[in-house]
Amino acid sequence: MNLNLRNAVIHNVTGNSQAELQETIVDAIQSGEEKMLPGLGVLFEVIWQNASQEDKQEMLTTLEQGLKK
């Protein structure tokens, strides 16, 4: 089976509204299922690739602070 996970995830959420995207993210996190992690990674990749340097720095700061808890 030749499945491209990245393309499948992007295909499944392309055209979704912000509310739908938020629901997808929240559901994936709340489910706590390991199988959802790659999909969240793909979504983060899209965010990172489309973020400004300022936004990237803010994400890194938030991540760093979250990992100190």
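What follows is calculated from the coordinates using simple rules that are stated; it is not laboratory data. Since the model is a prediction, treat every value here as computed from it, not as a measurement. Here the Cβ positions follow ideal geometry from the backbone for every residue, glycine too, while neighbour counts run over all protein chains shown.
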Residue count, the stretch 13-36 (criterion: over 13 Å from the mean Cα position of the chain (by Cα) and surrounded by 12 or more Cβ atoms within 10 Å (Cβ to Cβ)): 1
Over the stretch 37-69, the set of residues over 19 Å from GLY15 (Cα atoms), surrounded by 10 or more Cβ atoms within 10 Å (Cβ to Cβ) and among the acidic types (Asp, Glu) is ASP55, GLU58
